[in-house]
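Data first, discussion second: the structure below is written as structure tokens.
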Amino acid sequence: MASSLIADRVAETFSGQPRDYRNHIDGRFIENGTEMIDVLNPATGALVGRIPESSAADVDAAVVAARRAQGDWEQRPAIERANHLRAISAKLREHRLELADIIVREQGKVRGLAQVEVDFTADYIDYMAEWARRIEGEVLTSDRPGETMLLLRKPLGVVAGILPWNFPFFLIARKMAPALVTGNTIVIKPSEETPLNAYAFAELLAETDLPKGVFNLVGGRGAVAGEALISHPGIDLITFTGSVATGSHIMQVAGRNLTKVNLELGGKAPAIVLKDADLDLAAEAIHASRVINTGQVCNCAERVYVEREVHDALVAKLKVLFEGTLYGDPSSEEGLHMGPLVNKAGLDKVARAVDLAREQGATVIMGGKVADRPSGFHYEPTLITGATAEMDIMQREIFGPVLPIQEVGGLDEAIALANDSEYGLTSSVYTRDLNAAMKAARELKFGETYINRENFEAMQGFHAGRRKSGIGGADGKHGLYEFTTTHVVYIKG
Ligand code: NAD
């Protein structure tokens with residue numbers, strides 16, 4: 001497409017007016033079919049834009065284009081691929097405010113956090129570009145005389161990246177940047193709830209000289225476009241972030257073609273507060289973690305285990321903070337802690353979880369109902385005490401601004417309860433005792449543990465869940481190498 005046409009499209013995207021977006025396949029924006037999906041602002045119900053309901057044929061065209069482009073892309077020096085990534089991150093920075101605005105309007109995220117997401121995304125792409133000169137193989141001694149063994153690190157081929165709606169923009173980079181720098185090409189399917197930021201991403205990417213077919217974007221629902229992508233024999237890796245149910249389904253479907261999977265799934269992060277903890281710090285961190293993105297974060301504190309001696313003091317501090325939580329419509333109000341839940345299903349799920357906690361004997365000490373607002377999927381910030389291990393509220397992912405608290409007798413009990421979960425993504429511990437912190441680090445069975453703080457994870461770390469929280473991981477060197485395969489070459493002579 002001519003660059004002036006792309007510039008017009010970008011200008012239209014950032015005008016804030018709803019319009020139809022097009023898939024980006026093989027370097028072109030494809031004419032839409034008849035079926036379109038409305039994308040609505042969850043705070044107001046207003047139409048933000050429409051995306052195509054892509055067919056299996058659209059998905060096939062994207063995979064074929066990605067495969068065609070992959071051979072040449074792999075043969076280019078890694079530093080050249082990295083320079084393409086840097087051109088993309090520069091484009092994102094040029095339009096950082098407008099991109100954040102799209103996320104605010106389609107996802108209901110507060111503006112400050114949407115801005116952090118956009119800026120972090122650009123930094124993440126640069127971070128992955130820096131790996132270009134650091135991708136390493138190995139040279140081994142052979143058992144045979146006169147032979148040398150080379151372990152070459154190679155791309156897998158074509159990657160399918162399937163995204164959730166809670167950090168939709170960052171997740172594009174988490175899939176795309178390591179895939180591209182290691183020589184893979186990619187087909188991205190964003191969530192049908194929040195796809196417009198990905199379409200804006202594709203439009204900005206089209207303004208760079210990235211070779212056609214290296215990055216492809218197809219929108220649509222999981223049941224149509226998603227199914228077509230995960231069952232396509234031309235995919236070499238499915239990297240998915242989303243719910244346990246979908247992740248489990250993807251793994252089953254991928255089994256038919258023996259496609260490699262990388263799954264980043266749900267969480268039920270325990271926060272353990274010991275009696276020697278700095279309670280102000282613990283309360284502030286746990287509150288911030290529970291209301292950020294309206295509690296819709298895979299690694300935010302979902303259940304608290306607090307030592308009996310400081311239970312009442314912690315609850316009192318949390319109550320003050322939860323009472324001061326400002327919420328509303330982030331597309332028209334500033335200074336909010338949180339916006340609405342992403343959709344009606346999300347709101348109903350949170351409301352049901354709290355009702356069930358009440359029925360099972362927990363005490364709702366504040367909140368506990370749908371917020372009284374003229375529009376939007378708002379739930380009141382909610383604190384629950386008297387929770388016990390068998391209750392669903394301590395076992396199932398809530399994904400809303402609701403915090404259940406359980407009293408414990410000590411660190412051993414807290415660790416045992418924390419580990420007794422089908423989730424194993426992240427965990428946190430509040431203590432001033434180094435021995436207690438080290439014991440927790442040794443005994444907690446989670447992908448990540450934060451000591452005296454809550455989420456988020458660092459780009460140079462490794463974000464990976466145990467048990468039903470996932471398979472494989474993302475970020476840092478170990479995340480990068482998930483996009484590669486090892487090819488052994490024996491050289492005799
Ligand atoms: P979801 O599983 O409903 O949807 C995620 C994506 O999968 C969407 O793009 C959807 O269209 C697609 N999909 C649905 N059915 C499909 C199918 N049959 N085939 C292929 N694709 C299909 O998840 P969500 O509601 O968007 O995201 C919220 C979940 O994501 C939460 O459980 C949260 O904990 C998890 N999450 C995890 C991490 C992590 O890093 N571990 C990060 C963010 C979110």
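The values are calculated or read from the model by the stated rules, or taken from the named source; none is laboratory data. Here the structure is a predicted model, which is why all the values come from computation and not from measurement. Virtual Cβ from ideal backbone geometry, glycine too; neighbours counted across all protein chains shown. Surface areas here come from the heavy atoms of the whole protein model, side chains and all, with no ligands, DNA or RNA. Shrake-Rupley method; radii C 1.70, N 1.55, O 1.52, S 1.80 Å.
What you get for region 60-165, charging only the Cβ of Lys and Arg (+1) and of Asp and Glu (-1), is a dipole of about 140 debye around the Cα centre. Helix 279-291 and the longest principal axis of the C-alpha atoms of the chain enclose an angle of approximately 50°. Available extension along the chain between Arg93 and Arg28 is 21.1 nm, counting 0.36 nm per residue and deducting the alpha carbon span. Between Arg352 and Ala441, the FRET efficiency estimated from the beta carbon spacing at R0 = 22 angstrom works out to 0.05.
Ranked by the mean number of other Cβ atoms within 10 Å of their residues, highest first, the peptides 14-26, 272-284, 290-302 come out as 290-302, 272-284, 14-26. Remark on region 268-369: Rg and Dmax equal 14.4, 43 Å (Cα only). Taking Cα centre as origin and charging only the Cβ of basic (Lys, Arg, +1) and acidic (Asp, Glu, -1) residues, the dipole magnitude of region 390-493 rounds to 620 debye.
Our coupling estimate for region 235-243, obtained by passing each phi through the Karplus curve with A = 6.51, B = -1.76, C = 1.60 and θ = phi - 60°, is 9, 9, 8, 9, 10, 10, 10, x, 7 Hz, Gly and Pro reported as x. The amide H of Tyr379, built 1.01 Å from its N in the peptide plane, has Leu341, Ala371 as neighbours under 5 Å, considering only residues 5 or more places off or on other chains. Dipole check for the chain: with +1 at the C-beta of Lys and Arg, -1 at the C-beta of Asp and Glu, and the Cα centre as origin, the magnitude is about 1040 Debye.
In loop segments of region 308-406 as defined by DSSP, the trypsin sites (Lys or Arg not before Pro) with at most 13 further C-beta atoms inside 10 Å of their C-beta are Lys369.
Give the residues of region 280-315 whose amide nitrogen is closer than 15 Å to a point set 7 Å from the Cα of Gln360 in the direction of its Cβ. Those under the cut-off are 302-305.
For region 286-336, a/c is not less than 1.5, where a ≥ b ≥ c are the root eigenvalues of the C-alpha gyration tensor, and a/b does not top b/c. That puts it in the oblate class.
Stokes-Einstein diffusion for region 17-125, with the hydrodynamic radius set to the Kirkwood value over Cα pairs and evaluated at 10 °C in a medium of 1.306 mPa s, equals 97 µm²/s. Taking every protein chain into account, the accessible area of the chain amounts to 39 square angstrom per residue (probe 1.4 Å). Based on the reciprocal of the average 1/r between different C-alpha atoms, the Kirkwood radius for the chain equals 23.5 Å.
Per-residue extension of 0.36 nm, minus the Cα-Cα distance of Leu434 and Glu136, leaves a gain of 103.7 nm for this segment. Label-to-label distance, Asn452 versus Leu281, with points set 7 angstrom from Cα along the beta-carbon direction: 0.3 nm.
Measuring r between the beta carbons of Ala56 and Leu326 and using R0 = 56 Å, the FRET efficiency lands at 0.80. Projected over all directions and averaged, the alpha-carbon convex hull of region 65-120 occupies 5.1 nm².
Could you pull out which residues in region 149-175 have an amide N less than 18 Å from a spot 7 Å beyond the Cα of Thr486, following the Cα-Cβ vector? Residues 149-157 fall inside that zone. Over the C-alpha atoms of region 269-458, the Rg to Rh ratio, Rh being the Kirkwood estimate, stands at 0.95.
For a paramagnetic label modelled at 7 Å from the Cα of Ala46 toward its Cβ, which residues of region 317-344 fall within the zone defined by backbone nitrogen distances under 14 Å? Residues 329-334 qualify, since their backbone N sits under 14 Å from the label point. Against the chain, whose longest principal axis comes from its Cα atoms, helix 96-107 is set at around 60 degrees.
Return the lysines within reach of Lys189: Cα separation strictly under 27 angstrom, same-chain partners fewer than 8 residues apart disregarded; answer none if there are no such residues. Answer for Lys189, where 27 Å is the Cα cut-off: Lys91, Lys109, Lys154, Lys175, Lys212, Lys260, Lys268, Lys344, Lys349, Lys468, Lys477, listed by chain and number.
Both numbers refer to the Cα atoms of region 118-174; Rg and Dmax are 18.0, 56 Å. Restricting the calculation to alpha carbons of region 6-53 gives Rg and Dmax of 11.7, 36 angstrom. Taking the protein heavy atoms of the chain in the context of the full set of protein chains, the accessible area attributed to carbon and sulfur is 52 percent at 1.4 Å. To the nearest ten degrees, helix 344-359 and the longest principal axis of the Cα atoms of the chain are 30 degrees apart. Could you let me know the centre-to-centre spacing of region 150-205 and region 340-400, using Cα atoms, in angstrom? If we compute the Cα centre of each part, the gap is 33 Å.
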